[in-house]
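Let me begin by presenting the structure, written as structure tokens, before commenting on it.
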Amino acid sequence: MMRGKSGEAYNVGSKEGLSIRQLAETVTMIAGLRLPPEIKQTPDPTVLPSRYVPDTTKIESAFDFAPTTSLEVSIQNTLNWLRPRLQ
């Protein structure tokens, strides 16, 4: 590792918020699945945030990180890598 600290965790992502439902629907669409994802609500949905946005301050300062790949392309790349390994 040229920069950053060995053993440290770095959040990677964009500044764009996304709900778990939106993420599941995006993965389902890109994967070509015909069934909509089933999302079950927690008993008290006010406990969880409605959108998740990672704090990327640490990786931005350590590595001059800025996202260059969209979520959709990242999901497709992940599926392309994963599918042959699951067969």
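What percent does the relative contact order of the chain come to when contacts are Cα pairs within less than 8 Å and at least six residues apart?
Working: 56 pairs, mean separation 36.7, N = 87.
Taking the mean separation of contacting Cα pairs over the length of the chain, I get 42 percent.
With runs of 4+ DSSP H residues as the only contributors, calculate the mean residue ellipticity of the chain at 222 nm using -39,500 (n - 2.57) per run, divided by the residue total and rounded to the nearest 500.
Numbers: 3 runs with 35 residues, N = 87.
After summing the helix terms and dividing by the residues of the chain, the value is -12500 deg cm²/dmol.
If I fit a long axis through the Cα atoms of helix 20-31 and take the longest principal axis of the Cα atoms of the chain, what angle between them do I get, 0 to 90°, rounded to 10? Here the helix axis deviates by roughly 80 degrees.
Percent of alpha carbon pairs in the chain separated by more than 20 Å? For the chain, the fraction of Cα-Cα distances above 20 Å is 53 percent.
Counting every pair of alpha carbons in the stretch 3-42, the share spaced more than 16 Å apart comes to 56 percent.
Rounded to the nearest 20 debye, what is the charge dipole size of the stretch 20-86 about its Cα centre when +1 sits on each Lys and Arg Cβ and -1 on each Asp and Glu Cβ?
320
Counting beta carbons within 10 Å around each of LYS5, LYS58, LYS40 and listing the fewest first gives the order LYS40, LYS5, LYS58.
Just so you know, all these numbers are worked out from the coordinates, no wet-lab data involved. Because the structure is a prediction, the values reported are computed rather than measured. Every residue, glycine among them, receives a Cβ derived from its backbone with ideal geometry; neighbour counts consider all protein chains shown.
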